[in-house]
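A.B. asks: Dropping the structure in here first, questions after.
Read-outs throughout are calculated quantities, based only on the coordinates presented, and are distinct from any laboratory measurement. Treat the numbers as computed from the prediction; the structure is a model and nothing was measured. Virtual Cβ from ideal backbone geometry, glycine too; neighbours counted across all protein chains shown.
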């Protein structure tokens, strides 16, 4: 079974990855069965937030781009470390685009059998965004979708 | 891992059960790890469809009740047969009530680790109903939710 886990900076997506590994959905003997995908939102969303009159200089764009790339790489280093500790082989991918569309495209392109998504993002707005990603994938992904939410007692504690 | 699969009369829910077994989410060595739940909608929904002036006689109610019970039992006999063929132990349960609420309650009461739901019901209206069950559970169930939809090519064929 080829499993895709989509991760972002949220603890919820890391929890989803850990849940997938801890419940033996990926076994240590299988190679290339776990793909971890991080989707980077297009830079324009950060560089030109409001209206046509706001322009970011090339230096600013370059700096934001570098920071974003660094964050993504650090995230996937953390993912690799988690997998290594659990003796699981993982293939990590970073793609730019709209998360919900990229996830569905990747499922088709890589012949994924199961996609795992964490539920609840970081802040209120990002939570709504991440929620809408899992809702979209539950209806449009061309494979079964596993939505992992922290248990209620964990939510209450956090 | 204790898995709950909710089934109704739809082929999609049987597909979800088969997918769960075929992808080794339940192993043949584990006892009591697969619970198959069928929720019977309350009889009032069938007996009194429109307005207060429509009454069903006791004989009619009794007859509908018996037919519903028989359908449920036949469904779970089919489930048991599928599981037996795959050498999987299953525990089957029939409960009356609202499917989405009963599924969430059963998860709490039986300490379920993962709930599996088929997506798309039988007719257009039932599909909408079943869809709303998986949407509700994805947001309210106190455990990870796996939504299994047939692949696009299977949908096109059917």
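A.B. asks: Multiply the residue separation of residue A:11 and residue A:41 by 0.36 nm, subtract the distance between their alpha-carbon atoms, and state the gained length in nm to one decimal.
C.D. replies: 9.0 nm
A.B. asks: Shifting gears a bit: Just to verify a number: FRET efficiency for residue A:78 and residue B:77, C-beta to C-beta distance, R0 = 41 Å, to 0.05?
C.D. replies: It comes to 0.25.
A.B. asks: So how do A:117, A:17 line up by other beta-carbon neighbours within 10 Å, fewest first?
C.D. replies: Result, fewest neighbours first: A:17, A:117.
A.B. asks: At a Förster radius of 22 Å, what calculated FRET efficiency corresponds to the Cβ-Cβ distance of residue B:87 and residue B:113, to the nearest 0.05?
C.D. replies: Taking R0 as 22 Å, the efficiency between residue B:87 and residue B:113 is 0.55.
A.B. asks: Quick one: A:61, B:102, B:31, fewest Cβ neighbours within 10 Å first, how do they rank?
C.D. replies: Ranking A:61, B:102, B:31 by Cβ neighbours within 10 Å, fewest first, gives B:31, A:61, B:102.
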